[in-house]
Amino acid sequence: MKRILTITLTLFTIAIFSQSNLNYVEVSKTLLTNIKEKKSFDKEVSILSKTNLDDLVNNLKTDKQKIAFWVNVYNAYIQISLTENPKLYEDRGKFFAEKRIQIAGETLSFADIEHGIIRKSKIEWSWGYLSKWFPPKWQRKLRVSDVDWRIHFALNCGAKDCPPVAIFSAENLDKELDFMSTNYLEEQTTYNTDTETAKSVSLFSWFRADFGGICGARKILAGYGITPEEPKDLEFKNYDWTLSLGNFRNLPNL
């Protein structure tokens, strides 16, 4: 009996040790890769469901690690949820707000991940100018230190006009986000040289504070070479919410 208890305790200790020493960015990358290649992703979903707050806090120490992990997770669960039940998209407000992702000892919504963690506790309907005064403990521990506007061109919400899905790493995150932002904005932006007016994606309007306001968005378009000069005016395209899954984009060797 004593031997059985010793073996059981040893196996339990190994399981805990193995879970706490996982590289969670790599787990998120494998999850998305398996979805893309239509392989089983049950193992990765199980690993994430068994994480606790301390696991992730101790593993995701930098903003680059946090962004890579949470963007991959967000994009993965969008694909999983809407592939299993496309009808969920008929009520998008409910879909994004409903708690459905088991991770960090919590059940999170897509809104929790996007606005709470990646956008540092922003109030969703405030153009990004307002933050929550009393975010929950898990959110304060997991969220980024600084909001990176490029995440808006990395998160895929399942719609036709969403940015494509890429598989992000912490090591090359800056180059990867620049690549995705540049390609997406080139596809989404037109420029009238006569009127010096750019017309681009509505994300610039919805989350304007994250970009430094509309003035900041105009500077981004010029700075990334999307427009030949800083536009005098910036207009926004209608967003196509038609459901479109499986829109992956390969990242080059950066």
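The values are calculated or read from the model by the stated rules, or taken from the named source; none is laboratory data. A quick note: this is a predicted structure, and the numbers were derived from the prediction, not measured. As a convention, Cβ positions derive from the backbone with ideal geometry for all residues, glycine included, and neighbour counts pool all protein chains shown.
Only one of Val71, Val57, Val27 is part of a helix (DSSP H, G or I), at pLDDT 95 or above, aliphatic (A, V, I, L, M) and over 19 Å from Gly116 (Cα atoms). Can you tell me which?
Val27
Given (1) surrounded by fewer than 17 Cβ atoms within 10 Å (Cβ to Cβ); (2) among the hydroxyl-bearing types (Ser, Thr, Tyr); (3) within 17 Å of Trp70 (Cα to Cα); (4) touching a Lys or Arg at 6+ places or on another chain (Cβ under 7 Å), identify the lone condition not met by Ser131.
Only one criterion is unmet by Ser131, namely (3).
Please enumerate the residues belonging to region 83-134 that are among the charged types (D, E, K, R) and over 18 Å from the mean Cα position of the chain (by Cα).
Glu84, Lys87, Glu90, Asp91, Lys94, Lys132
Of the residues that sit in region 18-56 and are exposed (fewer than 13 other Cβ atoms within 10 Å of the Cβ) and among the acidic types (Asp, Glu), which one is farthest from Asn75 (Cα to Cα)?
Going through the qualifying residues, I end up with Asp54.
Only one of (1) assigned to a loop (DSSP other than H, G, I, E, B); (2) without any contact (Cβ under 8 Å) to a residue 60 or more places away in the chain; (3) not aliphatic (A, V, I, L, M) is not met by Asp178, so which one is it?
With (1) assigned to a loop (DSSP other than H, G, I, E, B); (2) without any contact (Cβ under 8 Å) to a residue 60 or more places away in the chain; (3) not aliphatic (A, V, I, L, M) applied to Asp178, the lone miss is (1).
Within region 35-54, how many residues are of a type outside the set (A, V, I, L, M, F, W, C) and in a helix (DSSP H, G or I)? Steps first, answer last, please.
Just the residues of region 35-54 that are of a type outside the set (A, V, I, L, M, F, W, C), to begin with: 36-40, 42-44, 46, 49-52, 54.
In the following step, the residues that additionally are in a helix (DSSP H, G or I) were identified as 36, 42-44, 46, 49, 54.
Adding up the residues that qualify gives 7.
Of all the residues that make up region 71-89, how many are of a type outside the set (Val, Ile, Thr) and without any contact (Cβ under 8 Å) to a residue 60 or more places away in the chain?
7
With respect to Ala97, determine if the residue is modelled with pLDDT under 95 and of a type in the set (A, V, I, L, M). Give the derivation first.
Numbers: modelled with pLDDT under 95: no; of a type in the set (A, V, I, L, M): yes.
Considered against the rule, which asks whether it is modelled with pLDDT under 95 and of a type in the set (A, V, I, L, M), Ala97 comes out as no.
For residues in region 216-254 being among the aromatic types (Phe, Trp, Tyr) and either in a loop (DSSP other than H, G, I, E, B) or free of Cβ contacts under 8 Å to residues at least 24 places away in the same chain (or both), which is nearest to Thr33 (Cα to Cα)?
If we take residues in region 216-254 being among the aromatic types (Phe, Trp, Tyr) and either in a loop (DSSP other than H, G, I, E, B) or free of Cβ contacts under 8 Å to residues at least 24 places away in the same chain (or both), then Trp241 is nearest to Thr33 (Cα to Cα).
Residue by residue through region 181-199, note down the ones that are assigned to a helix (DSSP H, G or I) and small (Gly, Ala, Ser).
Ser181
Of all residues in region 90-104, which are without any contact (Cβ under 8 Å) to a residue 24 or more places away in the chain and of a type outside the set (D, E, K, R)?
Gly93, Phe95, Ala97 - these are the residues of region 90-104 that are without any contact (Cβ under 8 Å) to a residue 24 or more places away in the chain and of a type outside the set (D, E, K, R).
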